[in-house]
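Asks: Before I ask anything, let me first share the structure, which is written out below as structure tokens.
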Amino acid sequence: MRILLVEDSNRLREAVAKALRESGYAVDATGDGSDGLWMARENSYDVVLLDIMLPGVDGLAILDKIREDGKETPVLLLTAKDTISDRVKGLRRGADDYLVKPFALEELLARIDALCRRSYHKPTPRITLADLEIDTSSKTASRDGSCLDLTAREYALLEYLMMRQGAVVSRTEIEEHIYDELVSPMSNVVDSAICNLRRKIATSEDSVPLIHTRRGQGYVLEVKK
């Protein structure tokens, strides 16, 4: 999953971005509101984290603009303001959640996980397909009861496919949601990642193939009947 973080405190921004990346998220981060607005409009994100007080364009103005653009990306506001009126104002202008500083990183990660699942209509952290299961809260995966040894990027790819199971997912969509602005995927990176993931989720010779290629379209995670 790809996250946009717009926070003007260098220390907080770096700490949050580091925690998100360690949890397997792709992260684009900036401390400037104008840059944040441009990034939110130009890229596809699964969640946007917005500080309200920003140089350039403030967080609520960014929220207004992306909602006016028709983007339904979940937005979580980060702010030092802790009054009911401030929270109500943000929620009424289109925010999905609100977190007051200082906050625990564990709580932020839990809220991001919940927002990601909500946007893909997954009510619980445990998502299954046949004997394959992931837990979005612990970022773990298993098949037929055996834990899968996945890298953070491999887990992120599997989680995205599990969120979209049954739908054809193009290479472009995978690049947009799994890689951040610091990574420029070459044409074969996605194919290589899919190949590695296929190998790792085939835990035995009897494992039913779950990742299928649709030539010229992309990939689909499903049980073929």
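Asks: Which residues, counting only those in segment 19-56, are aliphatic (A, V, I, L, M) and under 13 Å from LYS71 (Cα atoms)?
Replies: Residues of segment 19-56 aliphatic (A, V, I, L, M): 19-20, 26-27, 29, 37, 39-40, 47-50, 52-54.
Scanning segment 19-56 gives LEU37, MET39, ALA40, VAL47, VAL48.
Asks: Scan segment 201-218 and give yes if some residue there is outside the structural domain of VAL27 (by TED's automatic domain parsing), in a helix (DSSP H, G or I) and either out of contact with any Lys or Arg (no Cβ under 8 Å at 6 or more places or on another chain) or surrounded by 16 or more Cβ atoms within 10 Å (Cβ to Cβ) (or both), otherwise no.
Replies: Yes, the conditions are met somewhere in segment 201-218.
Asks: Out of the residues in segment 167-181 meeting the condition of being in a helix (DSSP H, G or I) and of a type in the set (A, V, I, L, M), tell me which one is nearest to the chain's Cα centre (by Cα).
Replies: Just the residues of segment 167-181 that are in a helix (DSSP H, G or I), to begin with: 171-178.
Filter again for of a type in the set (A, V, I, L, M), leaving 174, 178.
Values: ILE174: 11, ILE178: 8 Å.
Out of the qualifying residues, it is ILE178.
Asks: Looking at segment 143-164, can you tell me whether even one residue there is free of Cβ contacts under 8 Å to residues at least 12 places away in the same chain, under 19 Å from ASP28 (Cβ atoms) and either assigned to a loop (DSSP other than H, G, I, E, B) or among the basic types (Lys, Arg) (or both)?
Replies: No, every residue in segment 143-164 fails to be free of Cβ contacts under 8 Å to residues at least 12 places away in the same chain, under 19 Å from ASP28 (Cβ atoms) and either assigned to a loop (DSSP other than H, G, I, E, B) or among the basic types (Lys, Arg) (or both).
Asks: Determine if segment 80-93 includes at least one residue that is modelled with pLDDT of 90 or more, assigned to a helix (DSSP H, G or I) and not hydrophobic (A, V, I, L, M, F, W, C). First the steps, then the outcome.
Replies: Taking segment 80-93 and keeping what is modelled with pLDDT of 90 or more, we get none.
No, because not a single residue in segment 80-93 is modelled with pLDDT of 90 or more, assigned to a helix (DSSP H, G or I) and not hydrophobic (A, V, I, L, M, F, W, C).
Asks: Let me ask something else about it. Select from segment 20-77 the residues that are out of contact with any strand residue (DSSP E or B) (no Cβ under 9 Å at 6 or more places or on another chain), of a type in the set (Asp, Glu) and in a helix (DSSP H, G or I) and write down the one among them that is surrounded by the fewest Cβ atoms within 10 Å (Cβ to Cβ).
Replies: GLU42
The values are calculated or read from the model by the stated rules, or taken from the named source; none is laboratory data. Source: prediction; values computed, not measured. Here Cβ is always computed from backbone atoms with ideal geometry, including for glycine, and neighbour counts include all displayed protein chains.
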